[in-house]
Ligand code: CO
């Protein structure tokens, strides 16, 4: 017997509850997925994408990695983004960071964690862009939270700068890129009000 039998038991119970609530639920999901939202979030186990925004299976297209990065050469991220925008035609892309992020904290603390330090170099670059402001904040928790916000802002810009978003806007597709931060302390989301809704909002040199 699998040592993870409790997970299968929980799964059977969940599937049964879903069928009780809505007998056609799984049949509908088999036919089509039409999510309106794409989520780019941290891999952190405490930030469960659909759960914290009250969305059901089929309603949120999700990409997660450590520190919610949108890296220009990450084929995994680009493939998810291209499929979401061009095939699923999502209307909103949400980059969601979270306060107290371990990846961001590792950058602030100059920790050595292994291979992942190379991935986090992208965050280190953002640290260096905002070094005077960050180092004016002496409390390491607050410095981490500030870098979480700067990181979300840069990733929102990165998403908007991709050829995928530029092409979508050029052909008249309505799509918004939002930047949010989630608080582990109270489970609440904060909108950083940095939404990008058109190619004109992106620097000239990135426009298609
Ligand atoms: Co995190």
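If we count other beta carbons within 10 Å of each Cβ, what is the order of 89, 112, fewest first?
Neighbour counts put them in this order, fewest first: 112, 89.
So if I take the centroid of the Cα atoms in the range 44-96 and the same for the range 192-208, what is the distance between those two points in Å?
One Cα centre to the other: 19 Å.
Could you work out the relative contact order of the chain, using alpha carbon pairs under 8 angstrom and six or more residues apart, expressed as a whole percent?
Answer for the chain is 20 percent.
Quickly rank 123-129, 184-190 as a protection proxy: mean count of other C-beta atoms within 10 Å, highest first.
Taking the mean over residues of other Cβ atoms within 10 Å, the ranking is 123-129, 184-190.
Whole-Å semi-axes of the range 43-104's equivalent ellipsoid, largest first, each the root of 5 times a Cα gyration tensor eigenvalue?
Semi-axes, largest first: 20, 17, 8 Å.
Can you tell me the equivalent ellipsoid semi-axes for the range 33-206? Use √(5λ) from the Cα gyration tensor, largest first, whole Å.
The three semi-axes for the range 33-206 are 26, 18, 15 Å.
Counting only C-alpha contacts under 8 Å and six or more residues apart, can you give the relative contact order of the range 39-82 as a whole percent?
46
No lab work stands behind these numbers, since they all come straight from the coordinates. Source: prediction; values computed, not measured. Backbone-built Cβ (ideal geometry, glycine too); neighbour counts: all protein chains shown.
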